[in-house]
Structure formats: C-alpha cells, structure tokens
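Right, one structure below, let's go through it.
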Amino acid sequence: MRIYEAKDYQEMSRKAANILSAQIILKPDCVLGLATGSTPIGTYDQLVQWYEKGDLDFREVRTVNLDEYRGLDRGNDQSYYYFMHQHLFDRVNIVPENTNVPDGMEPDSEKECTRYEELIRSMGGVDIQLLGLGHNGHIGFNEPDSSFAKTTHCVDLTESTIEANKRFFASADDVPRQAYTMGIGTIMRAKKILLIVNGEAKADIVARALFGPITPEVPASVLQLHSDVVIVGDSAALAKIPRN
Ligand code: F6R
C-alpha cells in the first residue's frame, strides 16, 4: 500500500489523474474501472485538460463503472451513466461503445449482474480501478455487511448512504433505494487500485479502513489485502492515519 499526501483537493486530483494517464500511455487499450461521486470530479477535469492539450488519447481506452442506481434511466441527471458522460466521456475522444455502466433499468437484477460480471471478465479484467470512499467505509455500493460480496450484485442502500447522497436529489425520498454494484471480489480482482479521498469528514473512516481490522463492517478495509493499492488523499483526509 502506497500513500501519497496532497495538500488539497486540486493536488489530489492532479496526482490521481497522473496515475490514470500513466496507465493509458503505457497501455492505450487498458480497462479503466471508474467511480462517480464528488471526489473524482477534479480528476476527470484534469484528464480532460490533458486530452485537450493533446497529451492524452482515449481512442482505445475501455471503461467499466463501479455502480449504478437501480431504476434510474440514462437520461436522468442523477444516474451514474449521465454523470460519466457529463464529466468525462462526452469531453474526450473515448468511443461510447467502449464505455460500460451497469444498466439501472434492467428489472431482472440477476440477469444484469451476471451480464456485467461476465462483461468485465471478457474484457480481460480491470487494469486500474479508481475508488472513492463512503463515510461508512463503503466502496462502490458495497455497504457494511456481515460478509464481503464476491461479484456484481443488487444492494439495498443504507440510511447513511441515502443521507449522504440526498444532496444530489430534490429530497431524501427521491434517492433510489437500490443499486447495482461490482462486488468486493470484482473490485479486488483489479490489477491495480487507486483510492482517492479528500476532506476532514473522511479522516476517521480513512484511518479505520486502512489501519483498522479487516472486516466487512468496513468494506474498504479489504483493500489492505490487495497487493497493488495506491491511496491519494489530501492532508485533511489523511490527518488521522498513523505517522510512523
Ligand atoms: C461512486 C461510488 C461510491 C463513492 C462514495 C464516495 O461510484 O461507488 O462508493 O465513491 O460514496 O462518494 P463521494 O466521492 O461523493 O464522497
């Protein structure tokens, strides 16, 4: 586990974008595992800037997103499909057919989750998986639980996640109650993992996830078992990690 400390959100975003762009340059047809939420927005903005400067080429890049709300269609501005197009896909030369987000409108959850898991396998797996961290330690939508979910599955969102995400919706009642998400096993199969965190509100959970016991009650704690994890955090988010 390597931890890079950035002084602020902007520096965190640039460092994370650096790592992703190195992957794209080394392997132009790489599979990027992508995340949504507020944390990666600056990273995507930085990638777009480098693309506009001619320093990055997404023509062969393939992507798989971590998760999607169940029941939101692609045109809904709160869907993760919409988010990815708004923040990255529509701003670079990626081929739309090479981008993948779980289909939140597929009513048959077993069918969709099996399709998504097989899709990732058929692409040869994820070269680098970008992750944000939920306040309760979730990664993707893998909420605290009594066991680690192995594969892509349908989850019931916890009250704490509904509470955290209601800022994007008109009210908490509008937040979908379920989502399709890669499982912990799916995430752990990525060859490399890049976790980004910012803000003092994440400081406690960062310390618990990275230095506390490995338990499905803190899903991100499983990352301690991955052989190639890079964490890029701002000073506020890393304030409570052990220093020696
Ligand atoms: C997003 C995702 C979530 C977020 C997490 C942190 O695709 O899977 O796990 O990464 O909820 O969200 P933010 O970045 O908004 O704090």
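The values are calculated or read from the model by the stated rules, or taken from the named source; none is laboratory data. Bear in mind the structure is a predicted one, so any value in this text is a computation, not a measurement. So basically every Cβ, Gly included, is an ideal-geometry build from the backbone, and we count neighbours across all protein chains shown. Please note that ligands, DNA and RNA were not included when accessible areas were found on the heavy atoms of the full protein model with its side chains. Shrake-Rupley method; radii C 1.70, N 1.55, O 1.52, S 1.80 Å.
Grab the other residues whose beta carbon is less than 15 angstrom from that of Glu117, score K and R as +1, D and E as -1, and report the net.
-3
Based on DSSP, what percent of beta bridges with both residues in the chain are antiparallel, to the nearest 5?
Around 25 percent antiparallel, to the nearest 5.
Rounded to the nearest 10 Å², what accessible area does Asp45 have for a 1.4 Å probe in the complete protein model?
Accessible area, nearest 10 Å²: 50 Å².
What does the extension gain come out to for Gln49 and Asn18, with contour length at 0.36 nm per residue minus their alpha carbon separation?
Here the segment from Gln49 to Asn18 would lengthen by 10.0 nm.
Run through the DSSP bridge list for the stretch 92-225 and note the antiparallel percent, rounded to the nearest 5.
55
What whole-number volume per residue, in cubic angstrom, does the convex hull of the C-alpha atoms of the chain give?
Per-residue hull volume (Cα only) is 117 Å³.
Take the alpha carbon atoms of the stretch 25-42, find their center, do the same for the stretch 180-204, and report the distance between the two centers in whole angstrom.
About 12 Å separates the Cα centre of the stretch 25-42 from the one of the stretch 180-204.
For the chain, which whole-number percentage of the solvent-accessible area (1.4 Å probe, protein heavy atoms only) is attributable to carbon and sulfur atoms?
Here it works out to 48 percent.
With the cut-off at 22 Å, tell me which of the pairs Lys27/Lys111; Lys7/Lys202; Lys166/Lys240; Lys150/Lys240; Lys166/Lys191; Lys111/Lys150 have Cα atoms farther apart than that.
Lys27/Lys111; Lys166/Lys240; Lys150/Lys240; Lys166/Lys191
Below 8 Å between Cα atoms, with a sequence gap of 6+, how large is the relative contact order for the chain in percent?
Averaging sequence separation for qualifying contacts and normalising by length gives 25 percent for the chain.
Could you bin all the Cα-Cα distances of the stretch 159-225 into 10 Å bins starting at 0 and give me the percent of pairs in each, rounded to whole numbers?
The distribution over the stretch 159-225 is 17, 39, 37, 7, given as percents.
Place the peptides 220-230, 176-186 in order of packing, highest mean first, counting for every residue the other Cβ atoms within 10 Å and averaging per peptide.
Packing proxy ranking, top to bottom: 176-186, 220-230.
Report the gain in length on full extension from Asp108 to Phe211: 0.36 nm times residue separation, minus Cα-Cα distance, nm rounded to one decimal.
Extending this stretch completely gives an extra 33.3 nm.
Based on the mean of other Cβ atoms within 10 Å per residue, sort peptides 96-105, 48-57 so the most packed one is first.
Top of the packing list down: 96-105, 48-57.
Taking H as built 1.01 Å from N, whose amide H comes closer than 5 Å to the amide H of Leu34, not counting residues under 5 places away?
Sorted by chain and number, the residues that satisfy this are Val64, Asn65, Leu66, Leu130.
Per residue, how much accessible area does the stretch 1-129 have with a 1.4 Å probe, in Å²?
That works out to 47 Å² for each residue.
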